[in-house]
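A short write-up of the structure that comes next.
The values are calculated or read from the model by the stated rules, or taken from the named source; none is laboratory data. Keep in mind that this is a model prediction, so the values were computed, not measured. Glycine gets a Cβ as well: all are built from the backbone with ideal geometry, and neighbour counts include every protein chain shown. When the accessible area is computed, the model is the full protein with side chains, heavy atoms only, and any ligands, DNA or RNA have been set aside. Shrake-Rupley method; radii C 1.70, N 1.55, O 1.52, S 1.80 Å.
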Amino acid sequence: MSVRDRVVPGTELLSESRVDAGYAALATLLAVGLIAPLAWLVIDAAGLGSRAFEFLVADQTLAVLGRSVALVSVVTAAAVSVGVPLAVLTVQAALPFRRFWTVVIALPLAVPSYLGAFAALSAFGPDGPLSTALGVPLPAVEGFAGAAVVLTLYTYPYVFLTTRASLLSLDASLVEAARTLNCGQLESFRRITLPQIVPGIAAGALLVALYTLADFGTPNFMNLQVYTQFIYTRHNAHMGGYAALLSLQLLAVTGVILAVESAIGADDSGAYASRGNRGAAELDLGAWRYPALALPVLVAVAALVLPVGIFAMWLIRGGPGYEFTQLSFSWSYGWNSLKVSLLAAVASVLVALPIALRSVTTGSTASSLTARIPYVGYATPGIVLAIALVSFSLDAVPGLYKTVPLLVFAYVIRFMPQAIGSIRTSTMQVDDRLVEAARTLGRSRAGAFRTVTLPLIVPGIVTGAALVFLTSMKELPATLLLRPLGFDTLVTFIWRARETGLYGQAAVPAFVLVFVSGLSMAVLLAQEGDR
């Protein structure tokens, strides 16, 4: 029996047990309520009856499936091919300005890939500014190849970061032992290093595959028909059942990717847990370290310098269609983005707080499951979630259809797990003895939480809210389908600029989104610095 149990009256303990039961019911209700709208996909698809199978095996559906799988495979392989060498160079090689390149190489992760696609469309082509500047006609970047290149440039940091983390935790004494046994650098890497970093590479590859499969903006901008684009066009053609069926098929492919990664990640027999000399293995490139610098330079120019330069050109000189007035930017779009993202951040924290606290304080299987359920929404592609919420609002709550509350609800479902994770991490760092001491000194349960726990987890709450706010600002498909009529945001305005070909009008909102994306990276780096 703890000290607190000896000093707290039995009637108060009984009251607390009732509070616990109510608290558990609330957390479970919130978690289940967040993913319940996805059930409307099943209802809509079931309405197709026997035609569902015909749609599933139709030539066009199979072609989209094959194209989507091919894009995911190519981008994932390319991201691994770029991310792993960059991780090795920045961790083990004596690369000039290594710390600088480490930050620069990670930055493309913060830029929405659809902005990179937008810039590439404008920059390349026979009449593009790059062709004009170089005096050589360059081919246009679009279609499958264009989408693959752009997605690779903005997703390889997932592999880079996870592989880098694995390399930093590597026991360097194993590599040194291999070299004393006459293994060369290449053979030591293949036989010692590679087996230990495979789980990290697999984790990064999973994130790349899921991002590519769920991405909506880049394939659309590149005129490539994949799942997300196909679902969007079927929804706009009032083929709701078909769109729901495709959404379920996309969710099934997502599940397959997760299962494959789980199988690879579970096979960590090559990994060796050791407390030895970590991260000190050095790769001696000699004079080759200067040519090796070409890889991070090339990637940084393509993923960062090019889009920022194109946006600056639009802003200073005016881009295609800049002089037209039928589409002009208004700062009210920025205010709309700010308003709905702020509401999503506040709502996410309010919902995430009881779920995260319960999962940490009780530690039961049920509470852990409750904390995991909302991650289903996080793994669900934005276009799929939007289709489900459209059906849910039309069938169950017509008054919510195309309203700000429904849009905010979509953001909460999609991004709230970021708040859960941040609050859980902060709560786990709170020393239980402090809370128990407050209780033994006469504080009620709520009083101990208010005076002890809450001040300690405020940084986690703020970080979670910031991440939800920043990612909501960039969300494209859910905003397109769920926004109220006449309600434009930064991302929907960029979408309209792309559709009308008035690229120059997108300069200001693109710069604002790049700045916001940079803030999200700063938040993540600040989190890393706190650990």
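In this entry, D44 is excluded by the filter for residues that are free of Cβ contacts under 8 Å to residues at least 12 places away in the same chain and of a type outside the set (K, R). Scanning the stretch 25-46 for residues that are over 30 Å from R358 (Cβ atoms), of a type outside the set (G, A, S) and touching a Leu at 6+ places or on another chain (Cβ under 6 Å) turns up nothing.
Residue-level analysis places A203 outside the set of residues that are at pLDDT 85 or above, under 20 Å from the mean Cα position of the chain (by Cα) and either open to solvent by 30 Å² or more (accessible area, probe 1.4 Å) or closer than 20 Å to S73 by Cβ (or both). Selection of the stretch 158-215 for residues being of a type in the set (D, E, K, R) and in contact (Cβ under 8 Å) with a residue 60 or more places away in the chain yields R164, D171, E176, D215.
When you go through L62, L134 one by one, which is the residue that is under 28 Å from A243 (Cα atoms) and free of Cβ contacts under 8 Å to residues at least 60 places away in the same chain?
So the residue among L62, L134 that is under 28 Å from A243 (Cα atoms) and free of Cβ contacts under 8 Å to residues at least 60 places away in the same chain is L62.
Counting only helices (runs of 4 or more DSSP H) that sit wholly inside the stretch 122-198, those with at least 2 residues that are open to solvent by less than 10 Å² (accessible area, probe 1.4 Å) and not acidic (D, E) are 143-168, 172-180.
This table checks each residue for (1) of a type in the set (D, E, K, R); (2) surrounded by 15 or more Cβ atoms within 10 Å (Cβ to Cβ); (3) over 25 Å from the mean Cα position of the chain (by Cα); (4) farther than 30 Å from M239 by Cα.
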| position | (1), (2), (3), (4) |
| --- | --- |
| R439 | yes, yes, yes, yes |
| R445 | yes, yes, yes, yes |
| T451 | no, no, yes, yes |
| V458 | no, no, no, yes |
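How many of the residues making up the stretch 477-531 are modelled with pLDDT under 80, more than 19 Å from P307 (Cα to Cα) and assigned to a loop (DSSP other than H, G, I, E, B)? Counting residues in the stretch 477-531 that are modelled with pLDDT under 80, more than 19 Å from P307 (Cα to Cα) and assigned to a loop (DSSP other than H, G, I, E, B) gives 1. Considering the stretch 360-476, the qualifying helices (runs of 4 or more DSSP H), each wholly inside and each with 3 or more residues that are among the aromatic types (F, W, Y), run over 404-428. Remark: pairs (first residue in the stretch 73-102, assigned to a loop (DSSP other than H, G, I, E, B); second residue of a type in the set (S, T, Y) and open to solvent by 20 Å² or more (accessible area, probe 1.4 Å); Cβ separation under 8 Å; 6+ apart in sequence or on different chains) = P96/Y290.
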